[in-house]
Amino acid sequence: MDESQPLDPLAKTALWTASMRAREHRRADRLFSDPLAETFAGDEGPRIMSQFEGHVQSGVEDPALAVRTRFLDDQLLKLDADGVGQFVFVAVGMDSRAFRLEWSSGVLIYELDRPALLSFKDDLVRALRAPATAARVPLGVDLLTDWTCPLLEAGFDPRQPTCWLVEGLLYFLHPHERDVLLHRLTDLSAAGSRLLADYVGQTSLDSPGMAAWRARMAEQGHPWKSGSDRPEEVFAPLGWKIQVSAYGDPDANYGRWSEAAVAPGMPGTRGRYLVIADKQ
């Protein structure tokens, strides 16, 4: 890693995620292929992962990341097949979908994240000589300030339907930060746009069972700051019609989820879910 541009603690969670995806890629029954994940994770990704597993987790592999990745892969490729040609990956991290998914000709993918993280990622891509499978436009921005101007200047067309991917981000934001981000995103969304996201229920977040997890995340410099038991109250006022899938539901299972599917907001449950939102 380039020490002249060190990654901050929140950016380093991208290495952790890449490490989990690399582990899934090594499974014989993997839900997706991600040959770049191990390189993207580097040595630090597994170290971060080990700081949690066996400490605040039981050590049993959590299927959530694999299920989430496959679920979102399926949704993205369906939109591509339906003719959507403009995608924006918000807080993209070390995600490799622009390289590993089979996109249609003409698809354009904007990758938004912190400049240091995207610079680090691009250095790896160049070293690997990894060809993108879609036109890829990485944009180093601060998502808590005005990132919309750089996106528009890079060629983003707000008149065209867009797919926004907001994966692994919302719970790291305070409610006000979350709402500002979603407002800006919505302002750039033509009718027929779709937003894909994951979130966590506030009841679950506040439960005693999550206390050790939240404390460990805070100690590492990347606390979880918000959740919502009623995701429709987050998205609907902005003009999005949402469909919620809890982990373990038939469309968010893939034979990997052993726990019973639960509705968002139910006390005593994991309370994590996936959102598909359509702009009206």
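The values are calculated or read from the model by the stated rules, or taken from the named source; none is laboratory data. Not measured: the values here are computed from a predicted model. With ideal geometry, Cβ positions are generated from the backbone for all residues, glycine too; neighbour counts draw on all protein chains shown. For accessibility, only protein heavy atoms count, side chains too; no ligands or nucleic acids. Shrake-Rupley method; radii C 1.70, N 1.55, O 1.52, S 1.80 Å.
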In whole Hz and in residue order, list the ³J(HN,Hα) couplings for segment 117-124 that follow from phi through the Karplus curve 6.51 cos²θ - 1.76 cosθ + 1.60, θ = phi - 60°; x for Gly and Pro. 5, 5, 5, 4, 5, 5, 4, 5
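Carbon and sulfur: what percent of segment 7-149's accessible surface (1.4 Å probe)? Can you show the working numbers first?
Values: 3030 of 5950 Å².
Result for segment 7-149: 51 percent of the exposed heavy-atom area is carbon or sulfur.
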Normalised per residue, the volume inside the convex hull of the alpha-carbon atoms of segment 111-244 in Å³ amounts to 140
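Based on the Kirkwood radius over alpha-carbon pairs, what is the Stokes-Einstein translational diffusion coefficient of segment 173-223 at 37 °C with 0.692 mPa s viscosity, in µm²/s?
Details: Rh = 13.3 Å.
Using the Kirkwood radius from Cα pairs, D works out to 247 µm²/s.
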Amide H to amide H, which residues 5 or more places from Trp164 or on other chains are under 5 Å from it, using H placed in the peptide plane? Val88, Arg194, Leu195, Leu196
Farthest toward the dipole's positive end in the chain, which of Pro9, Ala154, Leu65, given Cβ charges of +1 (Lys, Arg) and -1 (Asp, Glu) about the Cα centre? Leu65
Need one value: the accessible area of Met49 in square angstrom, 1.4 angstrom probe, rounded to the nearest 10. 20
What ³J(HN,Hα) values, in whole Hz, does the Karplus curve 6.51 cos²θ - 1.76 cosθ + 1.60 give for segment 139-156 when θ = phi - 60°, with x put for Gly and Pro? 10, x, 9, 9, 5, 9, 10, 7, 8, 6, 4, x, 5, 5, 5, 7, x, 4
Return the sequence-ordered ³J(HN,Hα) values of segment 157-165 in whole Hz as given by the Karplus equation 6.51 cos²θ - 1.76 cosθ + 1.60 applied to θ = phi - 60°, using x for Gly and Pro. 10, x, 7, 9, x, 10, 9, 9, 10
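Need one number for the chain: average projected area of the convex hull over its C-alpha atoms, nm².
Numbers: hull surface 55.9 nm².
Taking the Cα atoms of the chain, their convex hull projects to 14.0 nm² on average.
Just the number please: accessible area per residue for the chain, 1.4 Å probe, all protein chains included, in Å².
Values: 12330 Å² over 280 residues.
Here the per-residue accessible area is 44 Å².
Scan segment 137-190 for trypsin sites (Lys or Arg not before Pro) in coil per DSSP, keeping those whose Cβ has at most 10 other Cβ atoms within 10 Å, and list them by number.
Details: sites: Arg159, Arg178, Arg184; in loops: Arg159.
In loop regions of segment 137-190 (DSSP not H, G, I, E or B), the sparsely surrounded trypsin sites (Lys or Arg not before Pro) are Arg159.
Mind checking the alpha-carbon convex hull of segment 67-108 and giving the volume per residue in Å³? Each step should come with its number before you reach the end.
On the way: hull volume 3.1 nm³, N = 42.
Output value, Cα hull per residue: 74 Å³.
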Compactness of segment 84-190 as Cα Rg over 2.2 N^0.38 Å, two decimals: 1.05
Name the residues whose placed amide hydrogens come within less than 5 Å of the amide hydrogen of Val137, ignoring near sequence neighbours (fewer than 5 apart) on the same chain. Ile109, Tyr110, Glu111
Among Leu139, Ala236, Leu196, the residue whose Cα sits farthest towards the positive end of the charge dipole of segment 124-238 (+1 at Cβ of Lys and Arg, -1 at Cβ of Asp and Glu, taken about the Cα centre) is Leu139
